[in-house]
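Worksheet for the structure shown next.
The values are calculated or read from the model by the stated rules, or taken from the named source; none is laboratory data. Just so we're clear, the structure is a prediction, and the values are computed from it rather than from any experiment. FYI the Cβ positions are ideal-geometry reconstructions off the backbone, even for glycines, and counts take in every protein chain you see. Note: accessible area is taken over every heavy atom of the protein model, side chains too, but ligands, DNA and RNA are not part of it. Shrake-Rupley method; radii C 1.70, N 1.55, O 1.52, S 1.80 Å.
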Amino acid sequence: MATFLNDSPIFGPVRSRRLGISLGVNLMPATGKICNFDCIYCENGFNADRQTSDAFATLPTLREALEAKLVEMSSTGELPDVITLAGNGEPTTSPVFPEVVDAAIHLRDEYAPEARVAVLSNGSYADRPDVHGALLRVDDNLLKLDTVNPDYIRFVDRPAKGYDVEHQIEVFASFCGHVIIQSLFLTGTWRGRDVDNTGNAYVMPWLNALRRIGPRSVAVYTIARDTPTVGLRKATPQSLESIAKRVRALGIDCSVSY
């Protein structure tokens with residue numbers, strides 16, 4: 001249960017299971033979490049335990065810090081594989097998210113032209129024109145879809161009021177393939193209820209949603225760090241590989257992280 005917060009405005013580089021050597025750009029403050037989801041497995045803890053009165057990082061602060069870190073890494077010859085907009089919450093909630101994407105792309109081109117620019121997002125603001133446009137500009141647009149079962153989403157992902165998974169599927173499809181779906185599978189219990197989403201009842205409708213979305217690829221993974229509650233367990237490597245095999249049968253590339 002030892003959850004953590006990331007440094008801000010820059011954290012890492014860290015070795016990501018999905019992305020390689022990742023240099024993180026944290027649009028949220030280092031003192032708390034700003035997110036419109038409150039996932040029971042979040043490594044940053046529950047929203048109620050991570051409240052902060054501090055503001056989002058500003059565009060000048062983010063731009064200057066990212067440039068300084070890239071200059072530092074360039075001097076040692078150890079540039080990142082990816083510059084990742086993520087951090088303590090949902091990056092697209094920042095009012096300067098589109099501008100930060102453009103700054104990251106510009107600085108990548110100048111200092112680390114081989115690196116990718118990625119966003120890790122729950123996708124709930126992806127229907128906003130400025131956010132949608134920014135996500136089209138990054139190399140890796142990773143959007144969350146753990147399941148398509150509304151009851152499970154309310155219980156495990158706990159999005160803000162108004163979240164509609166059917167609408168999200170349509171929005172994700174609107175990227176016309178420029179999207180990587182990231183889906184977390186787990187087992188165990190919370191508040192006396194089974195949270196295993198690896199069975200057919202959850203996987204089959206999720207596969208149908210992938211057919212509609214037509215993503216570039218899918219990233220299947222499970223919990224890797226401490227969670228804010230006890231009772232949650234990793235999905236087994238065997239179940240993850242089985243799910244990935246079914247994704248690949250659709251003609252969609254699928255990576256697996258245990």
Task: Other-chain or far-sequence residues with amide H under 5 Å of Gln182's (modelled H) - done: Leu143, Lys144, Leu145, Ala219
- [ ] Quick one: angle between helix 237-248 and the longest Cα principal axis of the chain, in degrees between 0 and 90, rounded to 10, please.
- [x] 80
Open item on the list: Suppose all protein chains stay in the model; what accessible area per residue would a 1.4 Å probe give for the range 10-61, in Å²?
Closed with: 42
Task: About the Cα centre, charge dipole magnitude for the range 1-95 (Lys/Arg +1, Asp/Glu -1 at Cβ), debye - done: 180
- [ ] Mind checking which of Val256, Val156, Thr198 is farthest towards the positive end of the chain's charge dipole, using Cβ charges of +1 (Lys, Arg) and -1 (Asp, Glu) about the Cα centre?
- [x] Thr198
TODO: Using +1 at the Cβ of each Lys and Arg and -1 at the Cβ of each Asp and Glu in the chain, identify which of Thr236, Tyr221, Pro98 lies farthest towards the dipole's positive end.
DONE: Thr236
- [ ] Specify whether the C-alpha gyration tensor of the range 181-258 places it in the rounded, prolate or oblate class, a ≥ b ≥ c being the square roots of the eigenvalues: rounded for a/c under 1.5, otherwise prolate if a/b is larger than b/c and oblate if not.
- [x] prolate
TODO: Could you check which residue among Arg193, Arg225, Arg212 shows the biggest mean-square fluctuation in a GNM of the chain with a 10 Å Cα cutoff?
DONE: Arg193
- [ ] Take the Cα atoms of the chain, find their three principal axes, and give me the spread along each one in whole Å, biggest first.
- [x] 49, 40, 34
Task: Derived scalar couplings ³J(HN,Hα) [the range 155-168; Karplus, 6.51 cos²θ - 1.76 cosθ + 1.60; whole Hz; x for Gly, Pro] - done: 7, 9, 7, 6, x, 4, 4, x, 5, 10, 5, 5, 5, 4
TODO: Name the residue, out of Ser174, Ser183, Ser75, whose mean-square fluctuation peaks in a Gaussian network model built on the chain with Cα pairs under 10 Å.
DONE: Ser75
TODO: Using a 1.4 Å probe and counting only protein heavy atoms, arrange Arg191, Arg18, Arg137 so the residue with the most accessible area comes first.
DONE: Arg191, Arg137, Arg18
- [ ] Measure off, as a whole percent, the carbon and sulfur share of the 1.4 Å-probe accessible area of the range 70-132, all protein chains present.
- [x] 48
Task: Accessible heavy-atom area order of Phe185, Phe4, highest first, probe of 1.4 Å - done: Phe4, Phe185
Open item on the list: Once you place label points 7 Å from the Cα toward the Cβ at Ser75 and Asp226, how far apart are they in nm?
Closed with: 3.4
TODO: Compute the distribution of all C-alpha to C-alpha distances in the range 105-160, in bins of 5 Å from 0, and list the percent of pairs in each, rounded to whole numbers.
DONE: 4, 17, 20, 18, 15, 12, 5, 6, 2, 0
Task: Rounded to 10°, Cα long-axis angle of helix 59-76 versus longest principal axis of the chain - done: 80
- [ ] Search the structure for amide H atoms under 5 Å from the amide H of Cys254, placed 1.01 Å from N in the peptide plane, and list their residues when 5 or more places away or on another chain.
- [x] Val218
TODO: No other cysteine beta carbon under 4.7 Å away is the test; run it over the chain and list who passes.
DONE: Cys35, Cys176, Cys254
Task: CD proxy at 222 nm, helix term only [per DSSP H run n ≥ 4: -39500 (n - 2.57); per residue of the chain; nearest 500] - done: -9500 deg cm²/dmol
Open item on the list: Please give the charge dipole size of the chain, origin at the Cα centre, charges +1 on K and R Cβ atoms and -1 on D and E Cβ atoms. Round to the nearest 20 debye.
Closed with: 900
Open item on the list: From the protein chains alone at 1.4 Å, what is the descending order of accessible area for Ser242, Ser217, largest first?
Closed with: Ser242, Ser217
